[in-house]
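Heads up: the structure comes next, in structure tokens.
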Amino acid sequence: MNEETRVDIPIALTGRYITQVTKEKGGRHYELDGAKYDSVTSLIGNTIRAFGVEKWRADWISNQLDTHNGRKLTKSLANEILTASDKELKASASIGTHMHNIIERLLKDEDVNDIPEQLEPAVQAWLKWRRQHIEWELVGNEVGIWGKHNDIYYAGQVDALFRKPKSGLGNEYMVVDWKTSSGLFDTSFLQVAAYAHALRSMKGQVHDMLDSISAMVVRLVGDYPKDENNKKIRTEPKIFNGKVQYAQVDVLHWSSVFLHLLDVHEGKKKYVKRTTL
């Protein structure tokens, strides 16, 4: 039985809540007013190929085949070889979750005295970024957003939403997503642009004037140690170097790409009449 976890998340700038539903065996969606909303990250991941991830999994399989060369291939060994990358995936997810929790507490000005040694450089990197944008006012942390495009309802959870100093009338907002990945990728730009686009489409629902909405991806730089051949040792813990890399996303461009992606996703479900002669 595929159990599910249901969590009510505050919707950005509305005072309402959206329910996040996570399946035990994978998969996530959201529910609001009786309607089901697809997860932004799931829509992206299920529609476009992630060539970097595919190569990463292939490298793991290749390394495992070398490691177990000469052994009799059994069903359990084949499964071990094919799922070897899952350990790294779980470790990376655990690091990301832990770092998100630390940032959430820092944003709330709470004392954080239990930072693991591995993450101390990442925390210093984040503090460096925060000092650079200290004038930004936090107005939402781990808040939900939702949108609709044609027949597709989509939703997601924004890591942080800031209000920037006013320039003229109205308010300028910045959607920010934290990353501990090995780089800044197109999928991340799509993700934050989708969040910003959804927030803009919620304009009639929120209690504030949304004159301008921007988006940024912030990466706490880190990678695996390397051997004498400059090859990553993926069985060792990731090392953070105290640097932060961030990119402000062109929301107009990347949200347009996201909407085209939704068109592709929707088109894949359309009935195709086949004829054989």
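The values are calculated or read from the model by the stated rules, or taken from the named source; none is laboratory data. None of these values were measured; they are calculated from a predicted model. All Cβ positions, even for glycine, are placed from backbone atoms using ideal geometry, and neighbour counts span all protein chains on display.
The table for this structure:
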| read-out | value |
| --- | --- |
| Residues of the range 175-191 satisfying the condition of being under 15 Å from Ile44 (Cα atoms) and either without any contact (Cβ under 8 Å) to a residue 60 or more places away in the chain or in a strand (DSSP E or B) (or both) | Asp186, Ser188 |
| Conditions (1) closer than 28 Å to Leu119 by Cβ; (2) aliphatic (A, V, I, L, M); (3) in contact with a helix residue (DSSP H, G or I) (Cβ under 7 Å, 6 or more places away or on another chain): number failed by Ile61 | (1) |
| When residues of the range 35-56 are limited to those that are in a helix (DSSP H, G or I) and at pLDDT 85 or above, the one surrounded by the fewest Cβ atoms within 10 Å (Cβ to Cβ) | Asn46 |
| The range 12-31 residues that are closer than 19 Å to Val175 by Cα, paired with ones that are in a loop (DSSP other than H, G, I, E, B) and hydrophobic (A, V, I, L, M, F, W, C) (beta carbon under 6 Å, 6 or more apart) | Leu13/Val206; Thr14/Val206 |
| The range 46-64 residues that are of a type outside the set (Asp, Glu), paired with ones that are exposed (fewer than 14 other Cβ atoms within 10 Å of the Cβ) and not in a helix (DSSP H, G or I) (beta carbon under 7 Å, 6 or more apart) | none |
| Tally, over the range 226-247, of residues that are without any contact (Cβ under 8 Å) to a residue 60 or more places away in the chain and either surrounded by 13 or more Cβ atoms within 10 Å (Cβ to Cβ) or in contact with a Leu (Cβ under 9 Å, 6 or more places away or on another chain) (or both) | 1 |
